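The values are calculated or read from the model by the stated rules, or taken from the named source; none is laboratory data. Everything quoted here is computed from the prediction, not taken from an experiment. Using ideal geometry, Cβ is built from the backbone for each residue, glycine included, and neighbour counts are taken over all protein chains shown.
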Amino acid sequence: MADGDIVHKKLPGLDQKPYKSLCEDKASNEECTRDIIKALAASGLEDKTSYVIPHGNKPKADPRSHLQNMLVQVKTFDRVFEVSDRLDIQWENLTHKFPELDDLVDRVAPEDKLSYTDMQSSLLKLYRNYVAEWHTVESQVAADILKWNNQHLSDKSFVFV
C-alpha cells in the first residue's frame, strides 16, 4: 500500500476492503463509510455501546421517540429524492422543508470557493448517502432499539440518552 501498510491476514475479510481503501487513499469518505457499515451489518455484531446511564430519573419523553424521529427524517428525505432525478428539483424540495440550507450554502460556498450548485450537489449527495446507509441497517437497528427499550422502559433507575 502507499504508506507501506499491509492488509493483515488476521483482519476479517469484510474489514479488509475499507481498510485497504483507506490506506491506499483510493476511496472517498462516503465509499469507506458505506463499506464499513456494510461490514458491520454483515458481521452480525451486537452493538454493546452503552446508551444508558444507570442512575437518575426516568425521562419525561418516551425514549423510543428518538428512533421515531430518525424514521420520520429518513422518510422526509426519501420524499425529496423520489420526486425527480434532477438536482435542482431535489434542492428546491429539500429547501422547502429546510429553508436554512439555502442560508448555509449562501454563507459557506464562497468561503470554500465552491459554486452554489456544487455545494448544493454535495449536500444532496450527503443526504442521499445518509438515507441509503440508514436503509442498509434500518431493520436491525430499529429492532434492537425497540427490543431493548421495551425491556427497560419500566426500570426507573435508568436514564435514556
When both residues are 6+ apart or on different chains and their Cβ atoms are under 6 Å apart, which pairs have a first residue that lies in region 105-126 and is under 24 Å from Q73 (Cα atoms), and a second that is modelled with pLDDT under 90 and surrounded by 11 or more Cβ atoms within 10 Å (Cβ to Cβ)? M119/A109
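Looking only at region 105-145, which residues are part of a loop (DSSP other than H, G, I, E, B) and under 23 Å from R86 (Cα atoms)? It would help to see each step written out before you state the result.
Of region 105-145, the ones part of a loop (DSSP other than H, G, I, E, B) are 112-115.
The answer is L114, S115.
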E111 - would you say it is out of contact with any Ser or Thr (no Cβ under 9 Å at 6 or more places or on another chain), farther than 29 Å from A42 by Cβ and at pLDDT below 90? yes
Name the residues in region 74-99 that are over 27 Å from V141 (Cβ atoms) and either of a type in the set (D, E, K, R) or not assigned by TED's automatic domain parsing to the domain that holds N129 (or both), would you? D85, R86, D88, E92
Is region 94-102 home to any residue that is exposed (fewer than 15 other Cβ atoms within 10 Å of the Cβ), on the phi > 0 side of the Ramachandran plot and not in a helix (DSSP H, G or I)? no
